[in-house]
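Here the structure is laid out as structure tokens; the discussion comes afterwards.
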């Protein structure tokens with residue numbers, strides 16, 4: 001048998017729970033961090049925009065005041081107001097005005113200023129020259145633009161006279177200072193880190209609660225599995241007693257079939273189905289009357305037809321059990337033959353389920369090498385010769401070939417045995433294939 005280490009249900013649940021909680025924490029953390037990043041970035045941009053708007057409003061108000069106070073023309077009034085505002089230290093902490101333009105509602109320039117000391121002034125001028133001169137219909141325009149991979153604030157606001165008439169527009173491009181950019185990045189990092197820490201802390205607090213509930217689920221699932229397996233064993237035992245046989249045929253044929261399935265690299269869930277089907281393959285014999293089932297002599301044609309009904313009886317017995325239903329592939333198909341001469345459906349070749357083809361070889365091998373009331377056991381060589389003769393007729397040739405490789409070891413290990421060790425080995429096999437997480441689905 002394979003030496004794959006059995007994974008207990010409890011270990012499986014704890015491991016799966018831990019992995020999924022960690023993955024969930026990471027996914028939620030990244031999601032929350034992403035949302036936090038977007039929100040903080042939006043809030044910080046809004047803050048910069050509001051600060052710029054405030055500065056422009058002060059500039060516009062001061063320009064209008066200069067015009068009223070000194071009756072200067074718009075150009076001189078704007079330059080005086082601009083000089084006054086840019087000389088205020090507070091206005092320089094968050095950044096600087098790298099481009100300012102003052103123009104009339106009919107798009108006539110009044111004044112244009114640019115900061116040639118700014119290292120991205122060329123990118124700023126390309127943006128200005130490629131963008132139509134804005135005349136906002138709704139009063140003002142505020143937007144964030146990325147120039148030279150750095151964030152800039154583009155604002156256009158109207159200049160109103162004392163009667164609230166638009167007499168000009170001010171267009172400004174504001175560059176946040178390096179200190180402001182560093183502040184934005186640091187705040188983003190703190191927000192993202194805080195979001196991840198909160199999610200991980202919440203997961204850590206929930207873990208013991210979920211683990212406790214999972215422990216109970218494991219306990220109940222284990223009990224349910226044990227009850228299902230016990231029912232399976234009792235059914236198999238009842239079938240054997242009904243057929244004047246012992247349980248060991250079911251034990252041996254199940255071990256043979258599992259070893260053969262392992263050599264063919266079947267999946268865990270397929271081997272689970274094979275084990276169920278092996279135990280229940282003749283469950284329908286419960287519905288066959290004793291005069292036929294226990295007849296020592298050969299059956300006549302009519303009696304054999306009635307005997308074949310055990311397949312239909314078996315399907316009727318397991319069809320309403322969700323846990324046993326996947327054993328139907330073996331129950332229904334183990335008397336089919338590769339050449340199509342079997343029953344009940346006369347399937348041929350690969351139309352016969354793979355599990356049924358595997359079990360057919362295992363079942364016949366055990367029948368040939370076992371002692372029965374009506375016959376002595378055949379030798380290993382004679383049994384294998386009969387299996388070879390059935391290649392392509394009774395049996396799938398590829399499965400016979402695979403079985404021939406492992407058959408000598410199986411024969412030495414299990415043939416003619418009827419002891420507690422055989423039962424213990426079968427229990428170990430069942431534990432290996434029914435202790436994994438799939439049983440939680442039943």
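Kindly check whether there is at least one residue in the stretch 337-346 that is more than 30 Å from residue 412 (Cα to Cα), assigned to a helix (DSSP H, G or I) and either touching a helix residue (DSSP H, G or I) at 6+ places or on another chain (Cβ under 9 Å) or in contact (Cβ under 8 Å) with a residue 60 or more places away in the chain (or both). Checking the stretch 337-346: not a single residue is more than 30 Å from residue 412 (Cα to Cα), assigned to a helix (DSSP H, G or I) and either touching a helix residue (DSSP H, G or I) at 6+ places or on another chain (Cβ under 9 Å) or in contact (Cβ under 8 Å) with a residue 60 or more places away in the chain (or both). Looking only at residues in the stretch 396-425 that are surrounded by 11 or more Cβ atoms within 10 Å (Cβ to Cβ) and in a loop (DSSP other than H, G, I, E, B), the one that is modelled with the highest pLDDT is 396. Taking residue 134 as the residue in question, decide whether it is outside any strand (DSSP E or B), touching a strand residue (DSSP E or B) at 6+ places or on another chain (Cβ under 6 Å) and closer than 20 Å to residue 60 by Cβ. Considered against the rule, which asks whether it is outside any strand (DSSP E or B), touching a strand residue (DSSP E or B) at 6+ places or on another chain (Cβ under 6 Å) and closer than 20 Å to residue 60 by Cβ, residue 134 comes out as yes. Residue 409 meets all of the listed conditions (1) closer than 22 Å to residue 330 by Cα; (2) within 43 Å of the chain's Cα centre (by Cα) but one, namely (1).
Selection of first residues in the stretch 62-90 that are more than 17 Å from residue 167 (Cα to Cα) and of second residues that are in a helix (DSSP H, G or I) and modelled with pLDDT of 80 or more, restricted to Cβ pairs under 6 Å at least 6 apart or on distinct chains, gives the following pairs, ordered by first then second residue: 80/66. If you check 223, 228 for being outside the structural domain of residue 318 (by TED's automatic domain parsing), surrounded by 14 or more Cβ atoms within 10 Å (Cβ to Cβ) and within 30 Å of residue 249 (Cβ to Cβ), only one passes: 228. Answer yes or no as to whether residue 258 is under 18 Å from residue 367 (Cα atoms) and surrounded by fewer than 21 Cβ atoms within 10 Å (Cβ to Cβ). Spelling it out, it is not the case that residue 258 is under 18 Å from residue 367 (Cα atoms) and surrounded by fewer than 21 Cβ atoms within 10 Å (Cβ to Cβ). Quick check on the stretch 354-371. Is at least one of its residues over 19 Å from residue 257 (Cβ atoms), assigned by TED's automatic domain parsing to the domain that holds residue 277 and touching a residue at least 60 places away in the same chain (Cβ under 8 Å)? No, the stretch 354-371 contains no residue that is over 19 Å from residue 257 (Cβ atoms), assigned by TED's automatic domain parsing to the domain that holds residue 277 and touching a residue at least 60 places away in the same chain (Cβ under 8 Å). Has the stretch 266-276 got at least one residue that is more than 34 Å from the chain's Cα centre (by Cα), part of a helix (DSSP H, G or I) and buried (at least 16 other Cβ atoms within 10 Å of the Cβ)? No, that holds for no residue. Here residue 416 clears all of (1) on the phi > 0 side of the Ramachandran plot; (2) without any contact (Cβ under 8 Å) to a residue 40 or more places away in the chain except the condition numbered (2). Residue count for the stretch 369-387 under the criterion of being surrounded by fewer than 19 Cβ atoms within 10 Å (Cβ to Cβ) and touching a strand residue (DSSP E or B) at 6+ places or on another chain (Cβ under 9 Å): the result is 0.
The set of residues in the stretch 347-359 that are part of a helix (DSSP H, G or I) and either more than 37 Å from the chain's Cα centre (by Cα) or under 26 Å from residue 227 (Cα atoms) (or both) comprises 355, 356, 359.
Out of 326, 320, I need the residue that is within 50 Å of the chain's Cα centre (by Cα), over 20 Å from residue 240 (Cα atoms) and assigned to a helix (DSSP H, G or I). Which one?
The match here is 326.
Could you go through the stretch 385-395 and let me know if any residue there is under 40 Å from the mean Cα position of the chain (by Cα) and either closer than 22 Å to residue 280 by Cα or at pLDDT 95 or above (or both). Yes, the stretch 385-395 contains at least one residue that is under 40 Å from the mean Cα position of the chain (by Cα) and either closer than 22 Å to residue 280 by Cα or at pLDDT 95 or above (or both).
The values are calculated or read from the model by the stated rules, or taken from the named source; none is laboratory data. Just so you know, these numbers come straight off a predicted model, no measurement behind them. Using ideal geometry, Cβ is built from the backbone for each residue, glycine included, and neighbour counts are taken over all protein chains shown.
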